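**Student:** Here you go, one structure.
The values are calculated or read from the model by the stated rules, or taken from the named source; none is laboratory data. Computed from a predicted structure; not experimentally measured. Cβ placement follows ideal geometry from the backbone for every residue including glycine, while neighbour counts extend to all protein chains displayed.
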Amino acid sequence: MLALEDMSPLRYILLRLALALPTMLILLTVVFLILRVIPGNPIEAMVGQKAPPEYIQQLMEQTGLNKPLYVQYLDYIRGVFTGDLGRSFIDNRPVIADIMDRFPATVELAVFSFLVSIAIGHALAFLAAYFRRGVDEAVRLYAIIAYILFIPFFGLALQLIFGVYLRWLPIGGRITPGLEPPHITGLYVVDAAISGDWPALVSALKHLALPSITLGIVISGVFTRFIRNNMVKTLEEDFITTYRAAGLPRWRVLMRAYRAALVPTITMMGLQLALLLQGAVLTETTFSWPGLGTLLLERIQYLDYPTVQGVVIFYVLIVVFINIAVDLVNLAVDPRLRRGVWQ
Amino acid sequence: MPPVLVVEGLRLYYGMGKDVVKAVDGVSLELDRGEVLAVVGESGSGKSSLGYAIMRLLPENVVLYDGRILLHDGGAEFDIVSMDEEALRRDVRWKRISMVFQASMNAIDPVSTIGDFIYRIVREHRPDLDKRRGLAAAAEAIKSVGLPVSVLDMYPFELSGGMKQRVMIALALILRPLVVILDEPTSALDVITQANVISLLKSLRGDVSMILITHDLALASEIADRIAVMYAGKIVEIGPSDAVLTSPRHPYTGALLESTPTLRQDRALSSIPGRVPSLIRPPPGCRFHPRCGHAMDICRSEEPPMVDVGPGHRAACWLLRT
């Protein structure tokens with residue numbers, strides 16, 4: 001099978017990308033077919049049913065929707081592999097341009113949610129492993145509750161408390177309109193910091209707070225439980241007894257247990273990052289966050305085939321890249337992988 | 001000079017479900033400076049638990065840990081059983097007592113190089129050593145157990161079992177402790193490597209006091225100055241190696257010797273009837289009486305006291321009283 005320890009990292013990346021192709025093709029096909037099965041005509045959805053038939057016919061020809069399905073499919077696949085995701089039925093812009101407009105917002109939300117969940121997950125897992133007993137029980141309970149929280153409902157509760165009653169934080173959007181920082185990376189927080197635009201930075205962070213805490217807490221359930229379990233399991237190993245016998249303080253022994261379990265932890269965090277993108281769809285809609293998730297939802301309603309297909313491919317690519325990144329980080333972290341030998 | 005280690009009435013009980021396992025049940029012994037004391041016994045006799053109890057490495061489900069473990073270093077005296085956890089960690093563990101574990105295979109941090117692993121422990125007790133000097137000390141220790149210095153840059157998965165055992169011995173000695181507890185140091189090794197480790201241990205004799213926990217009487221006879229025989233959580237006989245091996249006074253010691261193969265005599269190998277008693281519900285009276293060919297009425301009801309049977313040689317058996 002494909003094992004990182006048998007080859008150079010570069011070769012490994014190329015192979016991983018090549019292996020991602022069939023996955024993408026299958027997903028593309030499925031999405032392509034499902035969209036066509038959804039009842040309704042995208043052109044009618046666009047211009048309304050009362051538009052003159054000749055006009056509708058003209059648009060059908062423009063978009064290629066009048067061709068047989070298999071021709072549409074082949075045209076589309078050819079386009080994708082030449083880097084052309086087509087044009088949106090709605091705004092007639094290249095799909096890639098719409099995606100690039102929305103992508104920074106999703107990245108910003110994902111990164112902050114990820115940070116929140118990592119912070120909570122590590123803090124609670126360490127507390128549980130350090131104190132055990134009651135603390136451990138409480139942490140495990142938290143992990144389960146966090147995991148089963150339904151994002152729209154939980155987000156709504158936070159919006160009510162912190163947005164409506166306490167009025168501390170905005171309940172939707174990325175930034176107070178008019179305060180947008182100059183476009184550099186598209187990430188408001190980064191752009192505002194680079195250009196020294198403090199009001200924009202504060203506004204962007206305030207807008208990020210509720211959505212990233214919502215999503216961060218939900219994801220933190222899995223993190224907490226996973227890191228806690230790994231540490232508790234590792235603490236039973238013989239080398240931990242050596243460290244205890246050798247007089248290392250308890251917290252340093254704990255750090256070593258965490259370090260030894262780092263490879264599975266990183267792998268899991270990478271997988272969660274992919275899950276985070278999925279959770280981001282719900283979070284984005286709950287907080288009217290103008291990212292890829294809201295784009296996807298808007299365009300499904302209009303049966304905007306090219307955009308929906310484009311966003312799905314984009315998600316798949318992200319997951320593929322995250323997986324490769326996880327493997328490369330593990331390569332740096334695990335000496336057994338690095339030395340290319342397994343015992 | 002007082003003994004370096006005095007153990008008095010040490011008990012370690014731990015819970016297993018609803019039961020209490022009396023793993024160490026009133027053990028007393030003394031260890032002189034530079035002396036090697038072998039603790040021998042069958043599996044389940046509590047000899048490993050004794051080692052852990054002396055290090056105060058207690059299982060999570062411990063229900064009783066008492067008695068005294070006095071460690072003498074010059075004028076200083078430490079009671080390991082009752083001393084403060086932080087002081088134990090700082091002043092006793094590894095600095096004055098270290099241990100070579102039975103499962104040395106997995107006793108080394110899997111994601112550290114040997115050098116980092118050793119330095120991490122050395123630094124805890126010798127904050128004055130920077131990394132360069134700490135690694136130099138590690139190199140010295142590694143050489144002293146007959147390993148190449150290049151081992152310091154290797155990970156445990158790159159070492160053989162024998163090499164890991166040597167690394168653990170080097171680690172146990174690096175801070176020049178007063179006492180080293182060796183828990184079955186050769187049991188997981190092949191015969192050649194065993195021989196190497198044994199000659200290494202022999203060469204260390206005299207510098208440091210050792211408690212050698214083993215089921216291997218041959219190993220004990222080769223290295224130990226004195227031998228303590230443990231049975232069901234208690235020491236039943238203790239004395240100079242020669243005396244214990246040539247004129248055992250406790251029937252259990254005798255039976256143990258007769259069940260050990262030897263190259264010198266041509267005799268049928270015998271086995272001890274019955275099984276090692278449960279440490280949860282040990283037999284009343286003398287714990288060996290159900291398996292003993294000489295058992296009398298008193299053995300079934302009353303525990304025999306330790307009696308002197310020779311110079312420094314003591315055993316606990318009613319036969320010795322009558």
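**Student:** Which residue out of A:205, A:179 is in a helix (DSSP H, G or I) and of a type in the set (A, V, I, L, M)?
**Tutor:** Residue meeting the stated conditions: A:205.
**Student:** Report, by residue number, each residue of the range B:63-88 that is more than 9 Å from every other protein chain (Cβ to nearest Cβ) and hydrophobic (A, V, I, L, M, F, W, C).
**Tutor:** Once the filter is applied, which keeps residues that are more than 9 Å from every other protein chain (Cβ to nearest Cβ) and hydrophobic (A, V, I, L, M, F, W, C), the range B:63-88 yields B:63, B:64, B:69, B:70, B:71, B:76, B:78, B:80, B:81, B:83, B:87.
**Student:** Just to check your reading of the model, which residue among A:172, A:216, A:155 is within 15 Å of residue A:109 (Cβ to Cβ), touching a residue at least 12 places away in the same chain (Cβ under 8 Å), small (Gly, Ala, Ser) and outside any helix (DSSP H, G or I)?
**Tutor:** A:172 is the lone residue from the list that is within 15 Å of residue A:109 (Cβ to Cβ), touching a residue at least 12 places away in the same chain (Cβ under 8 Å), small (Gly, Ala, Ser) and outside any helix (DSSP H, G or I).
**Student:** Also, I was wondering about something else. Among the numbered criteria (1) farther than 30 Å from residue A:176 by Cβ; (2) in contact (Cβ under 8 Å) with a residue 40 or more places away in the chain; (3) buried (at least 21 other Cβ atoms within 10 Å of the Cβ), which single criterion is violated by residue A:208?
**Tutor:** (1)
**Student:** Still on this structure, I have one more. Please work out which residue is farthest from residue A:121 (Cα to Cα), limiting yourself to the range A:133-152 and to residues that are in contact (Cβ under 8 Å) with a residue 60 or more places away in the chain and of a type outside the set (A, V, I, L, M).
**Tutor:** A:152
**Student:** Separate question: Only one residue in B:281, B:287 is at pLDDT 85 or above, surrounded by 23 or more Cβ atoms within 10 Å (Cβ to Cβ) and in a loop (DSSP other than H, G, I, E, B), so which one is that?
**Tutor:** Exactly one of B:281, B:287 is at pLDDT 85 or above, surrounded by 23 or more Cβ atoms within 10 Å (Cβ to Cβ) and in a loop (DSSP other than H, G, I, E, B), namely B:287.
**Student:** OK, next. Here is a list: A:48, A:86, A:64. Which entry is of a type outside the set (D, E, K, R) and in contact (Cβ under 8 Å) with a residue 60 or more places away in the chain?
**Tutor:** That would be A:86, the only listed residue that is of a type outside the set (D, E, K, R) and in contact (Cβ under 8 Å) with a residue 60 or more places away in the chain.
**Student:** Looking only at residues in the range B:2-30 that are assigned to a strand (DSSP E or B) and among the charged types (D, E, K, R), which one is surrounded by the fewest Cβ atoms within 10 Å (Cβ to Cβ)?
**Tutor:** In this case the residue turns out to be B:19.
**Student:** For residue A:326, indicate whether it is away from chain B (no Cβ under 14 Å), crowded, with 21+ Cβ neighbours inside 10 Å and either of a type in the set (D, E, K, R) or touching a residue at least 24 places away in the same chain (Cβ under 8 Å) (or both).
**Tutor:** So residue A:326 fails the test.
**Student:** Please find, within the range B:232-278, the residue that is nearest to the chain's Cα centre (by Cα) out of those that are at pLDDT 90 or above and among the basic types (Lys, Arg).
**Tutor:** It comes out as B:234.
**Student:** Under the condition of being aliphatic (A, V, I, L, M) and touching a Gly at 6+ places or on another chain (Cβ under 8 Å), which residue from the range A:293-323 is nearest to the other protein chains (Cβ to nearest Cβ)?
**Tutor:** So the residue we want is A:322.
**Student:** Could I ask something else about it? Which of the residues that make up the range B:89-100 are more than 8 Å from chain A (Cβ to nearest Cβ), farther than 22 Å from residue B:155 by Cα and part of a strand (DSSP E or B)?
**Tutor:** Within the range B:89-100, just B:97 meets the criteria.
**Student:** Another question about this same structure. Let me confirm something: among A:303, A:276, which residue is part of a loop (DSSP other than H, G, I, E, B), at pLDDT below 90 and closer than 29 Å to residue A:28 by Cα?
**Tutor:** A:303
**Student:** I would also like to ask the following. Filter the range A:219-238 for residues that are β-branched (Val, Ile, Thr) and away from chain B (no Cβ under 14 Å) and give the result.
**Tutor:** Result: A:219, A:222, A:224, A:227.
**Student:** Now for a different question. Tally the residues that are among the β-branched types (Val, Ile, Thr), in contact with a strand residue (DSSP E or B) (Cβ under 7 Å, 6 or more places away or on another chain) and free of Cβ contacts under 8 Å to residues at least 60 places away in the same chain, restricting the search to the range B:292-322.
**Tutor:** Qualifying residue count for the region: 1.
**Student:** Take the residues in the range B:128-183 that are assigned to a helix (DSSP H, G or I) and in contact with a strand residue (DSSP E or B) (Cβ under 6 Å, 6 or more places away or on another chain), then tell me which one is nearest to the other protein chains (Cβ to nearest Cβ).
**Tutor:** Step by step, filter the range B:128-183, then rank; the result is B:168.
**Student:** May I ask you to say which residue of B:182, B:171, B:175 is within 16 Å of residue B:51 (Cα to Cα), modelled with pLDDT of 90 or more and of a type in the set (A, V, I, L, M)?
**Tutor:** Of the residues listed, the single one that is within 16 Å of residue B:51 (Cα to Cα), modelled with pLDDT of 90 or more and of a type in the set (A, V, I, L, M) is B:182.
**Student:** Kindly list the number of the only condition in (1) assigned to a loop (DSSP other than H, G, I, E, B); (2) over 30 Å from residue B:80 (Cβ atoms); (3) within 14 Å of chain B (Cβ to nearest Cβ) that fails for residue A:288.
**Tutor:** Result: residue A:288 fails condition (3) only.
**Student:** A further question follows. Checking residue B:188 against (1) away from chain A (no Cβ under 14 Å); (2) of a type in the set (Gly, Ala, Ser); (3) surrounded by fewer than 24 Cβ atoms within 10 Å (Cβ to Cβ); (4) within 23 Å of residue A:245 (Cα to Cα), which test does it fail?
**Tutor:** (1)
**Student:** Kindly provide the set of residues from the range B:101-127 that are touching a residue at least 60 places away in the same chain (Cβ under 8 Å) and in a helix (DSSP H, G or I), ordered by number.
**Tutor:** Those that are touching a residue at least 60 places away in the same chain (Cβ under 8 Å) and in a helix (DSSP H, G or I): B:104, B:105.
**Student:** Still on this model: Among the residues in the range A:170-184, are any in contact with a His (Cβ under 8 Å, 6 or more places away or on another chain) and among the hydrophobic types (A, V, I, L, M, F, W, C)?
**Tutor:** Yes; the residues of the range A:170-184 include at least one that is in contact with a His (Cβ under 8 Å, 6 or more places away or on another chain) and among the hydrophobic types (A, V, I, L, M, F, W, C).
**Student:** Looking only at residues in the range A:245-261 that are crowded, with 18+ Cβ neighbours inside 10 Å and part of a helix (DSSP H, G or I), which one is farthest from the other protein chains (Cβ to nearest Cβ)?
**Tutor:** Among those that are crowded, with 18+ Cβ neighbours inside 10 Å and part of a helix (DSSP H, G or I), it is A:254.
**Student:** Now a separate question. What tally of residues in the range A:177-205 results from selecting those that are hydroxyl-bearing (Ser, Thr, Tyr), in contact with a Leu (Cβ under 8 Å, 6 or more places away or on another chain) and exposed (fewer than 15 other Cβ atoms within 10 Å of the Cβ)?
**Tutor:** Qualifying residue count for the region: 0.
**Student:** Can I ask one more? Among the residues of the range B:35-62, count how many are out of contact with any strand residue (DSSP E or B) (no Cβ under 6 Å at 6 or more places or on another chain) and more than 14 Å from every other protein chain (Cβ to nearest Cβ).
**Tutor:** Residues flagged as out of contact with any strand residue (DSSP E or B) (no Cβ under 6 Å at 6 or more places or on another chain) and more than 14 Å from every other protein chain (Cβ to nearest Cβ) within the range B:35-62 amount to 3.
**Student:** Would you mind stating whether residue B:58 is surrounded by fewer than 24 Cβ atoms within 10 Å (Cβ to Cβ) and not in a strand (DSSP E or B)?
**Tutor:** yes
Here's the yes/no breakdown for (1) hydrophobic (A, V, I, L, M, F, W, C); (2) surrounded by fewer than 18 Cβ atoms within 10 Å (Cβ to Cβ); (3) under 20 Å from the mean Cα position of the chain (by Cα):
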| site | (1), (2), (3) |
| --- | --- |
| B:75 | no, yes, no |
| B:79 | no, yes, yes |
| B:82 | no, yes, no |
| B:91 | no, yes, no |
| B:110 | no, no, no |
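**Student:** Go through the range A:100-112 and give me each residue that's in contact with a Gly (Cβ under 6 Å, 6 or more places away or on another chain) and either at pLDDT below 90 or closer than 25 Å to residue A:45 by Cα (or both).
**Tutor:** A:102
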